[in-house]
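Q: Can you keep this structure in mind? I'll have questions shortly.
The values are calculated or read from the model by the stated rules, or taken from the named source; none is laboratory data. Just so it is clear, the structure is predicted and the values come from calculations on it, not from any experiment. Ideal geometry is used to build each Cβ from the backbone, glycine not excepted, and the neighbour counts take in all protein chains shown. Heavy atoms of the whole protein, side chains included, go into the accessibility calculation; ligands, DNA and RNA do not. Shrake-Rupley method; radii C 1.70, N 1.55, O 1.52, S 1.80 Å.
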Amino acid sequence: QVQLVESGGGLVQAGGSLRLSCAVSGRASISYGMGWFRQPPGKEREFVAGISGSGGRTYYGDSVKGRFTISRDNAKNTVYLQMNSLTPDDTAVYYCAASRWTAVGPLTTIDYWGQGTQVTVSS
């Protein structure tokens, strides 16, 4: 069984930063593509960031380019999302995601989802 558990969400003022973590356990391969999606209240889920199994390739949604950074530490079985210059538009539930076959991007079929962590950005 593969499990993804997010942490690091919370309340932050506009302009601040948060770092989300996704701990991977079970039978996940070190080569799994990993990524993050988010769902603002009342809106559709959107792609945020993705990273290849090796960490050599990264992808970002247009709304977060230049502000968010995805990384992974395979020795720690953990994927991170560093979020800087946060605005109220970043308020959402953030979900960690894994793909068995490819890097995670906006059109990737996701094999495993985390339970989500709430990020709230105040004005």
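Q: Sorted by mean Cβ packing within 10 Å, highest first, what order do the peptides 111-117, 7-13 take?
A: My ranking of the peptides, most packed first, is 111-117, 7-13.
Q: Let me ask another. Roughly how big is the chain's charge dipole about its Cα centre, with Cβ charges of +1 (Lys, Arg) and -1 (Asp, Glu), in debye to the nearest 20?
A: Numbers: 11 positive and 8 negative charges, 55 e Å.
Rounded to the nearest 20 debye, it is 260 debye.
Q: Among DSSP beta bridges lying fully in the chain, give the percent that are antiparallel, nearest 5.
A: In the chain, approximately 90 percent of DSSP beta bridges are antiparallel ones.
Q: Heavy-atom accessible area per residue, the chain, 1.4 Å probe: how many Å²? Walk me through the numbers before you get to the answer.
A: On the way: 6380 Å² over 123 residues.
Result: 52 Å² per residue.
Q: Determine the relative contact order of the chain: mean sequence separation of Cα pairs under 8 Å and six or more apart, normalised by residue count, in whole percent. Intermediate values should be presented prior to the final figure.
A: Details: 328 pairs, mean separation 44.2, N = 123.
36 percent.
Q: Consider a paramagnetic label point 7 Å from the Cα of D62 along Cα→Cβ; state which residues of the stretch 83-123 have an amide N under 18 Å from it.
A: What the label zone holds, given the 18 Å backbone N cut-off, is 89-90, 105-108.
Q: In whole percent, how big is the carbon plus sulfur part of the accessible area of the stretch 63-123, probe 1.4 Å, protein atoms only?
A: Percent of accessible area from carbon and sulfur atoms in the stretch 63-123: 50.
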